[in-house]
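Chemist: Before I ask anything, here is the structure I am working with.
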Amino acid sequence: MAEQFETRRLHAGYDPAKHGHSPLVPIYQTAAFAMTDPNGANPEGFVYSRVGNPTVEAFENRICDLAGGVTATAVASGMAAITDTLLNVAEGGGRIIAPSNIYGAGLDEMNSLLPKFGIETDFVQDINDFAAVEALITPETKAIYTESVANPSTAIADIEGLAALAHKHHVPLIVDNTFPTPYLFRPLEHGADIDVYSSTKAINGHGNVVSGIVVDGGHFDWDQARFPQFHEKELILPDAEGEPQTFVEAFGNAAFGHRIRLKYVRLFGAVMSPFDAYLALLGIDTIAERLDKEVHNAVKVAQYLTTNPHVTAVHYAGLHPEDPLVKRYFPKGVGAIFSFELAATEAQVDKLLLSTKVFTYLPNVGDSRSLIVNPRRVTHREVPVRFRDEQGLTANLVRLSIGLEDADDLIADLDQAIAQAFE
Ligand SMILES: *Cc1c(COP(=O)(O)O)cnc(C)c1O
């Protein structure tokens, strides 16, 4: 479709005429579908909901369209999206390059679990330090992985520079674009090869579903030497004569996304449910308005915090519109999540966390409701201490995820909670 984002987020990837003329995507709450062909098929192509479901497919098509990809695969969580992606790119053994400021569970997986599957990660402190990244690239390197906007520092990755560096060495660039969502930033338009998302967060926007999605930009050339898994003959990919094909033969440069679905979702089975896809689609209906308002609120709250005498630092790229990376990649704002530090004891931070009345103290982001958390002891507790120290995850750092409340009410709430903490 050629329309603008605001039109496509409501209509893309779904044809009401094929679904009883229902303007909303219906919930196909069924495990399997009747077959009309003794070869195990029907004309619609849905047979079993672990492999494909019309409600889930509509969610996949919509995100695929909004993110600018060629295939999208929905999964049970953001972590399932990350796991399936890293295994799909590096199974059989290999190395990933990633910064040490990524999402806590993702870092824990790369640091403590994937090595048991033969996949090691080379961590860098700053992913925009291209010399440090390039020095780590070897024939074993299977991907460069980064978040577009880091949590909770809001450090911005230079996606175009990283893509150029990765492609110079025939390695793909994988971007976790959870924080901005495709509304604020689309990595695939800037050279990234694969996007992963936790749609638990701002894509859905209501804190009521755990889910994830992988989007393939469809332009990476999966060469046989580095990525033999895309060049093996597969019984599940028969050609017209019934002979097995490889993923590259069947799907060309879109091999990655199709292989995630047919290998990892079909066989490992961390699938998205139709009801969750319905809720996520409903959330996408208002993604532009939600993020505009949340960004507006976040800037106001961050500006207030810079004036509070107990606050020693506010970490929010959204306060620096003149920054070259903000200017180039985030003209609509950097998002609604940021962090700040107080000249406080741990007991004072505890008091602050438990004294807010509008902000809820819980470990999530991207909700319509404003949220507050202490990353060092909660969201990043599984991050090794050396990485927490390296990334400034101190005991007096507090993260906010700004919602749709009135900005002045949010400011008043933080103001009274900080006052109570320092009483
Ligand atoms: C939450 C989050 C994840 C993990 O998503 P789940 O849906 O909780 O599994 C991954 N990356 C980022 C940036 C996140 O914020």
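Chemist: Somewhere in region 364-385, is a residue at pLDDT below 95, among the acidic types (Asp, Glu) and either surrounded by fewer than 19 Cβ atoms within 10 Å (Cβ to Cβ) or more than 21 Å from the chain's Cα centre (by Cα) (or both)?
Modeler: Yes, because at least one residue in region 364-385 is at pLDDT below 95, among the acidic types (Asp, Glu) and either surrounded by fewer than 19 Cβ atoms within 10 Å (Cβ to Cβ) or more than 21 Å from the chain's Cα centre (by Cα) (or both).
Chemist: Can you name the residue in region 296-306 that is more than 21 Å from Thr394 (Cα to Cα) and free of Cβ contacts under 8 Å to residues at least 40 places away in the same chain and is also nearest to the chain's Cα centre (by Cα) among such residues?
Modeler: Once the filter is applied, the top-ranked residue is Val299.
Chemist: Could you go through region 264-287 and let me know if any residue there is of a type in the set (S, T, N, Q) and either under 30 Å from Asn364 (Cβ atoms) or not assigned by TED's automatic domain parsing to the domain that holds Gly106 (or both).
Modeler: Scanning region 264-287 turns up at least one residue that is of a type in the set (S, T, N, Q) and either under 30 Å from Asn364 (Cβ atoms) or not assigned by TED's automatic domain parsing to the domain that holds Gly106 (or both).
So that you can scan it fast, the table gives a plain yes or no per residue for (1) without any contact (Cβ under 8 Å) to a residue 40 or more places away in the chain; (2) of a type outside the set (Ser, Thr, Tyr); (3) assigned to a strand (DSSP E or B); (4) more than 30 Å from Gln224 (Cα to Cα):
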{"position": "Phe46", "(1), (2), (3), (4)": "yes, yes, no, yes"}
{"position": "Phe59", "(1), (2), (3), (4)": "no, yes, no, yes"}
{"position": "Thr85", "(1), (2), (3), (4)": "no, no, no, no"}
{"position": "Asn101", "(1), (2), (3), (4)": "no, yes, no, yes"}
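Chemist: Which condition number does Thr146 fail, the rest of (1) away from the ligand (no atom under 14 Å from the Cβ); (2) free of Cβ contacts under 8 Å to residues at least 60 places away in the same chain being met?
Modeler: It is condition (1) that Thr146 fails.
Chemist: Whether any residue in region 174-188 is more than 10 Å from the ligand (Cβ to nearest atom) and open to solvent by 20 Å² or more (accessible area, probe 1.4 Å) is what I want to check.
Modeler: yes
Conditions tested, residue by residue: (1) closer than 27 Å to Arg386 by Cα; (2) crowded, with 24+ Cβ neighbours inside 10 Å; (3) touching a helix residue (DSSP H, G or I) at 6+ places or on another chain (Cβ under 9 Å).
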residue	(1), (2), (3)
Phe123	yes, no, yes
Leu136	yes, no, no
Thr146	yes, yes, yes
Pro152	yes, yes, no
Asp195	no, yes, yes
Ser198	yes, yes, yes
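Chemist: Something else now. Here is a check on your reading of the model: is Asn128 open to solvent by 30 Å² or more (accessible area, probe 1.4 Å), under 24 Å from Phe268 (Cα atoms) and within 21 Å of the chain's Cα centre (by Cα)?
Modeler: Working: open to solvent by 30 Å² or more (accessible area, probe 1.4 Å): yes; under 24 Å from Phe268 (Cα atoms): no; within 21 Å of the chain's Cα centre (by Cα): yes.
Against the criterion (open to solvent by 30 Å² or more (accessible area, probe 1.4 Å), under 24 Å from Phe268 (Cα atoms) and within 21 Å of the chain's Cα centre (by Cα)), Asn128 does not qualify.
Chemist: Among Leu354, Leu397, which is the only one that is of a type in the set (A, V, I, L, M, F, W, C) and open to solvent by 10 Å² or more (accessible area, probe 1.4 Å)? Steps first, answer last, please.
Modeler: Working: Leu397 fails: open to solvent by 10 Å² or more (accessible area, probe 1.4 Å).
Residue meeting the stated conditions: Leu354.
Chemist: Any residue at all in region 99-112 that's closer than 30 Å to Pro321 by Cβ and either open to solvent by 10 Å² or more (accessible area, probe 1.4 Å) or not assigned by TED's automatic domain parsing to the domain that holds Ile213 (or both)? Full working, then the answer.
Modeler: Taking region 99-112 and keeping what is closer than 30 Å to Pro321 by Cβ, we get 99-104, 106-107.
With either open to solvent by 10 Å² or more (accessible area, probe 1.4 Å) or not assigned by TED's automatic domain parsing to the domain that holds Ile213 (or both) added as a condition, the list becomes 101, 103.
For region 99-112, residues closer than 30 Å to Pro321 by Cβ and either open to solvent by 10 Å² or more (accessible area, probe 1.4 Å) or not assigned by TED's automatic domain parsing to the domain that holds Ile213 (or both): present.
Chemist: While we're looking at this one, here's another question. I need a count of the residues in region 10-45 that are in contact with a helix residue (DSSP H, G or I) (Cβ under 6 Å, 6 or more places away or on another chain) and within 25 Å of Val265 (Cα to Cα).
Modeler: Number satisfying all stated conditions: 7.
Chemist: Among the residues of region 189-208, is there at least one that is touching a residue at least 40 places away in the same chain (Cβ under 8 Å), under 30 Å from Gly335 (Cβ atoms), within 16 Å of the ligand (Cβ to nearest atom) and aromatic (Phe, Trp, Tyr)?
Modeler: So in region 189-208, the residues touching a residue at least 40 places away in the same chain (Cβ under 8 Å) come out as 189-190, 193-208.
Cutting the leftovers down to under 30 Å from Gly335 (Cβ atoms) gives us 189-190, 193-208.
Adding the requirement that they be within 16 Å of the ligand (Cβ to nearest atom) leaves 194-208.
Restricting the remaining residues to those that are aromatic (Phe, Trp, Tyr) gives 197.
Checking region 189-208: at least one residue is touching a residue at least 40 places away in the same chain (Cβ under 8 Å), under 30 Å from Gly335 (Cβ atoms), within 16 Å of the ligand (Cβ to nearest atom) and aromatic (Phe, Trp, Tyr).
Chemist: Return the pair list, or none, for Cβ contacts closer than 6 Å from residues in region 358-381 that are more than 16 Å from Asn208 (Cα to Cα) to residues that are open to solvent by 60 Å² or more (accessible area, probe 1.4 Å) and of a type outside the set (A, V, I, L, M, F, W, C), at least 6 apart or on different chains.
Modeler: That search, which allows pairs on different chains as well, returns Val358/Asp409; Ile372/Tyr361; Val373/Pro363; Val378/Pro363; Thr379/Pro363.
Chemist: Can you pull out every residue in region 85-98 that is within 16 Å of the ligand (Cβ to nearest atom) and either open to solvent by 10 Å² or more (accessible area, probe 1.4 Å) or under 25 Å from Asn374 (Cα atoms) (or both)? I'd like the intermediate steps shown before the answer.
Modeler: Filtering region 85-98 for residues within 16 Å of the ligand (Cβ to nearest atom) gives 85-87, 96, 98.
Residues satisfying the conditions are Leu87, Ala98.
Chemist: Please determine whether any residue of region 71-83 is surrounded by fewer than 22 Cβ atoms within 10 Å (Cβ to Cβ), small (Gly, Ala, Ser) and either without any contact (Cβ under 8 Å) to a residue 60 or more places away in the chain or in contact with a strand residue (DSSP E or B) (Cβ under 9 Å, 6 or more places away or on another chain) (or both). Working first, answer last.
Modeler: Step one: list which residues in region 71-83 are surrounded by fewer than 22 Cβ atoms within 10 Å (Cβ to Cβ), which gives 71, 76-77, 79.
Imposing the further condition that a residue be small (Gly, Ala, Ser) reduces the set to 76-77.
When the remaining residues are screened for being either without any contact (Cβ under 8 Å) to a residue 60 or more places away in the chain or in contact with a strand residue (DSSP E or B) (Cβ under 9 Å, 6 or more places away or on another chain) (or both), the result is 76-77.
The answer is yes; a qualifying residue exists.
Chemist: Go through Thr138, Thr146 for me and flag whichever is touching a Lys or Arg at 6+ places or on another chain (Cβ under 9 Å) and either assigned to a strand (DSSP E or B) or not aromatic (Phe, Trp, Tyr) (or both).
Modeler: Selected residue: Thr138, the only one of Thr138, Thr146 that is touching a Lys or Arg at 6+ places or on another chain (Cβ under 9 Å) and either assigned to a strand (DSSP E or B) or not aromatic (Phe, Trp, Tyr) (or both).
Chemist: Would you call Ala80 in a helix (DSSP H, G or I), modelled with pLDDT under 95 and within 16 Å of the ligand (Cβ to nearest atom)?
Modeler: Values: in a helix (DSSP H, G or I): yes; modelled with pLDDT under 95: no; within 16 Å of the ligand (Cβ to nearest atom): yes.
It is false that Ala80 is in a helix (DSSP H, G or I), modelled with pLDDT under 95 and within 16 Å of the ligand (Cβ to nearest atom).
The values are calculated or read from the model by the stated rules, or taken from the named source; none is laboratory data. Computed from a prediction, not measured in an experiment: that's the story for all the values here. Methodologically, a virtual Cβ is constructed for each residue, glycine included, from the backbone with ideal geometry; neighbour enumeration extends over all protein chains shown. Heavy atoms of the whole protein, side chains included, go into the accessibility calculation; ligands, DNA and RNA do not. Shrake-Rupley method; radii C 1.70, N 1.55, O 1.52, S 1.80 Å.
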